[in-house]
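The structure under discussion appears below in the form of structure tokens.
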Amino acid sequence: PGAALVILVGVLIGWVVSGKDVHIALGPVPVGLDLPRLTDFSTALVVLVIPQLPLTLTNSVIATVDTARTYFGQNAARVTPVRTSLSVAVGNLWAGLVAGLPMCHGSGGLTAHYRMGARTPAATAITGTLLVVVALLFGRSALAVRSLMPYAALGALLLYVGLQHLLLGLKVKELRHVAVVAVVGTVAVVPFGNLALGAGVGVAAYWGARWPAALVEKRR
């Protein structure tokens, strides 16, 4: 796929330009269990759970399920909101116990995989294997290795994926749904706006547009 070529060329350019300044230490980072304290839960609630919840529910669960079914049809029948939520929960429980970063799925990431050629489970297995190999070989110098990838190369990939995902978002069947997409996007990007506010306004706009039709149908 073209994405692999972009990454390879980007790493080669990064190595030529700044490879001599990158100090690489081989070997993984030791993994140890770190049980949270009771006081950590209150901090996590304010810092992580409440701010992240709107994004997780909308993009990581609902939109991811919808994107999977759009791309794969009946082959994505097992991708349900409940299973997707459980997947996120298990991943975060493990990450929390080993001092890892919070994780979630994402509809944009799914678009990136699909549009860049990942159409079968083998693609995910290959990606996971490569990540494990990199972690075992260069875990102690992960940030240094990552610095070999120029931001311009990552920006090119993100621009392509963003355009593809935008086109996916516009593939709605009714005009009123296009209006909801426009309202959510506008509210989310205005000053002092955020995804939670955009999602709330989007839900209100959707049901506000649907209510007259439902009322007419009920009278019939």
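The values are calculated or read from the model by the stated rules, or taken from the named source; none is laboratory data. Source: prediction; values computed, not measured. Heads up, the Cβs are rebuilt from the backbone with ideal geometry, glycines too, and the neighbour counts pull from every protein chain shown. Please note that ligands, DNA and RNA were not included when accessible areas were found on the heavy atoms of the full protein model with its side chains. Shrake-Rupley method; radii C 1.70, N 1.55, O 1.52, S 1.80 Å.
The table that follows gives values for the structure above.
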read-out	value
Where VAL187 falls short, out of the listed (1) modelled with pLDDT under 85; (2) exposed (fewer than 12 other Cβ atoms within 10 Å of the Cβ)	(2)
Residue selected from region 35-82 under the condition open to solvent by 90 Å² or more (accessible area, probe 1.4 Å) and touching a residue at least 12 places away in the same chain (Cβ under 8 Å), by the criterion nearest to ARG119 (Cα to Cα)	ASP66
Flag for ARG140 being touching a residue at least 24 places away in the same chain (Cβ under 8 Å), over 25 Å from THR56 (Cβ atoms) and open to solvent by 90 Å² or more (accessible area, probe 1.4 Å)	yes
Residue match in region 85-102 (condition: touching a residue at least 40 places away in the same chain (Cβ under 8 Å), out of contact with any Leu (no Cβ under 7 Å at 6 or more places or on another chain) and over 30 Å from ASP21 (Cα atoms))	yes
The one condition in (1) in contact with a Lys or Arg (Cβ under 9 Å, 6 or more places away or on another chain); (2) under 30 Å from ALA156 (Cα atoms) that LEU101 fails to fulfil	(1)
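Per-residue answers, yes or no, for (1) surrounded by 13 or more Cβ atoms within 10 Å (Cβ to Cβ); (2) outside any helix (DSSP H, G or I); (3) at pLDDT 85 or above:
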| site | (1), (2), (3) |
| --- | --- |
| THR124 | no, no, yes |
| LEU130 | no, no, yes |
| LEU136 | no, no, yes |
| VAL145 | yes, no, no |
| ALA156 | yes, no, yes |
